[in-house]
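Chemist: Sharing a structure with you now.
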Amino acid sequence: MVLQVISLETRNLTVKLNGNIILRNINLKFVGPGLYFVLGRNGSGKSTLLRALARLIPFEGEIILNGVDITKYRRRELSRIIGYVWQNPFYGFFESTVEREIKFILKNIGSEENNTRFKELIEYFEVGDFLRRSPFTLSGGEAKRVCICSVLVADQQIYLLDEPEGELDYRGLEKLVNFIESESKRKLVIVATHNTLLAHKMRRTINKIFIVHNGIVVGEFGPEVLVNKEFLAEVGIVPVYWWLE
Ligand SMILES: Nc1ncnc2c1ncn2[C@@H]1O[C@H](COP(=O)(O)OP(=O)(O)OP(=O)(O)O)[C@@H](O)[C@H]1O
Ligand SMILES: [Mg+2]
């Protein structure tokens, strides 16, 4: 199999929301297939960064997707390339049943016949029992799994996963970690989280870790940063050891 190179790059990316500068002059390059983490404390700008990368919010500067300015893509085309999984799954739900919710994106991108991926994901994330339920009646962990299926069913080249581990239990986490690790062999996967344990679990697969702090990127690191107590404490991120002490 020939692997296609996937790239997503920001040049002086700045995001202002309600008059406040949330991200300032961000210059990042993600090259896929591969797995990247964006780590930062609460309010550091992780979700804002992912939303800008998915072109869901206005920004200044440039975002270059596969060599082309992201503003040149039509929305539908972009939805086929980039999948953004919301931090809070309930924000994204609007359909009356889980099945309609998961199939919505396929309709939207004109790929309704893609039943193989649909079946694969509902089975893998064990959401088959909820298909007739309203997504608003789901528990937190169930909703997270449905939300993941409802976006990634489109089999995009790039996955932007915003705190994908939130609310998941042991089984859910194992599924998620295996899924991310195997998908990142053929896709560009970017995970935003404050959770160093999740990053530590996938340390052997991670290409790079970017640390965001107060709206700027303070550096790019290898997995060794996850055990750097002093540095992580400075940027308000819980070091892995803290959980074990
Ligand atoms: N529409 C908005 N108007 C003003 N400020 C906003 C808006 N949206 C987000 N912010 C602020 O921007 C900052 C970054 O928010 P963001 O959601 O990107 O943080 P985060 O790193 O994802 O945090 P968390 O770990 O809590 O998910 C926060 O201080 C937030 O309050
Ligand atoms: Mg966030």
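Chemist: Compute a Gaussian network model of the chain, connecting alpha carbons closer than 10 Å, and tell me which residue from LYS187, LYS201, LYS144 fluctuates the most.
Modeler: Between LYS187, LYS201, LYS144, it is LYS201 that shows the largest mean-square fluctuation.
Chemist: Going by how many other Cβ atoms sit within 10 Å of their own, how do ILE81, ILE190 line up, fewest first? Intermediate results must be reported in sequence, preceding the final value.
Modeler: Working: ILE81 19, ILE190 26.
The fewest-first ordering by Cβ neighbours comes to ILE81, ILE190.
Chemist: What ranking do 9-15, 35-41, 154-160, 70-76 get when scored by the average of other Cβ atoms within 10 Å per residue, highest first? Mind dumping the intermediate values first?
Modeler: On the way: 9-15: 17.9, 35-41: 24.1, 154-160: 21.6, 70-76: 12.3.
The packing order, highest mean first, is 35-41, 154-160, 9-15, 70-76.
Chemist: Quick check: the distance between the Cα centres of segment 176-193 and segment 85-110, to the nearest angstrom?
Modeler: 20
Chemist: Using Cα-Cα distances under 8 Å and only pairs 6 or more residues apart, what relative contact order does segment 127-222 have, in percent? Don't jump to the answer; show the numbers that get you there.
Modeler: Details: 79 pairs, mean separation 20.6, N = 96.
It comes to 21 percent, rounded to a whole number.
Chemist: With r defined as the distance between the Cβ atoms of LEU244 and GLU174 and R0 fixed at 22 Å, what FRET efficiency is calculated, to the nearest 0.05?
Modeler: On the way: r = 20 Å, r/R0 = 0.90.
That pair, LEU244 with GLU174, gives E of 0.65.
Chemist: With θ set to phi - 60° and the Karplus curve 6.51 cos²θ - 1.76 cosθ + 1.60, what are the ³J(HN,Hα) couplings of segment 204-214 in order, to the nearest whole Hz, using x for Gly and Pro?
Modeler: 6, 9, 5, 7, 8, 10, 9, 9, 9, 8, 6
Chemist: Hey, another quick one. At a 10 Å Cβ-Cβ cut-off, how would you order VAL5, VAL127, VAL217, VAL191, fewest neighbours first?
Modeler: Values: VAL5 10, VAL127 25, VAL217 22, VAL191 28.
Ranked by crowding around the Cβ, least crowded first: VAL5, VAL217, VAL127, VAL191.
Chemist: Run lengths n ≥ 4 of DSSP H only: what is the helix-derived mean residue ellipticity at 222 nm for the chain, with -39500 (n - 2.57) per run over all residues, to the nearest 500? Please list the in-between numbers first.
Modeler: Numbers: 9 runs with 79 residues, N = 245.
Only helices count here, giving -9000 deg cm²/dmol.
Chemist: Placing one identical point scatterer on every Cα of segment 29-117 and ignoring solvent, what is log10 I(q)/I(0) from the Debye formula at q = 0.13, 0.26 Å⁻¹?
Modeler: Reported log10 I(q)/I(0), two decimals: -0.56, -1.43.
Chemist: Report the Rg/Rh value for segment 130-188, based on alpha-carbon coordinates and the Kirkwood definition of Rh.
Modeler: Working: Rg = 11.9 Å, Rh = 12.3 Å.
Reported Rg/Rh (Cα atoms, Kirkwood Rh): 0.97.
Chemist: May I ask for the equivalent-ellipsoid semi-axes of the chain, computed as the square root of five times each C-alpha gyration tensor eigenvalue and listed largest first in whole Å?
Modeler: On the way: eigenvalues 150, 98, 60 Å².
They are 27, 22, 17 Å, listed largest first.
Chemist: Which order do ARG51, ARG24 fall in if you start with the one that has the fewest other Cβ atoms within 10 Å? Intermediate results must be reported in sequence, preceding the final value.
Modeler: Details: ARG51 20, ARG24 17.
Least crowded to most crowded, the residues run ARG24, ARG51.
Chemist: Ordered by packing density, taken as the mean number of other Cβ atoms within 10 Å over each peptide's residues, highest first, how do 112-121, 203-212, 173-182 rank? Could the numbers behind the result be given before it?
Modeler: Values: 112-121: 13.3, 203-212: 18.8, 173-182: 16.3.
Going from most to least packed, we get 203-212, 173-182, 112-121.
Chemist: Starting from the Cα of LYS46, draw a straight line to each of the aspartates and glutamates and keep only those under 12 Å, dropping any in the same chain fewer than 8 residues away.
Modeler: Partners within reach: ASP162, GLU163.
Chemist: I'd like to verify something in the chain: which complete DSSP H helices, judged by Cα projection on the helix axis, reach 15 Å or more and average at least 0.0 on the Kyte-Doolittle scale? Write out the running numbers ahead of the final one.
Modeler: On the way: long enough: 98-108 (16 Å, -0.27); 140-152 (18 Å, 0.77); 170-183 (19 Å, -0.41).
Going by DSSP H runs, the hits are 140-152.
Every number in this text was worked out from the coordinates using simple rules, so none of it is lab data. Keep in mind that this is a model prediction, so the values were computed, not measured. All Cβ positions, glycine included, derive from the backbone under ideal geometry; neighbour counts span all protein chains shown.
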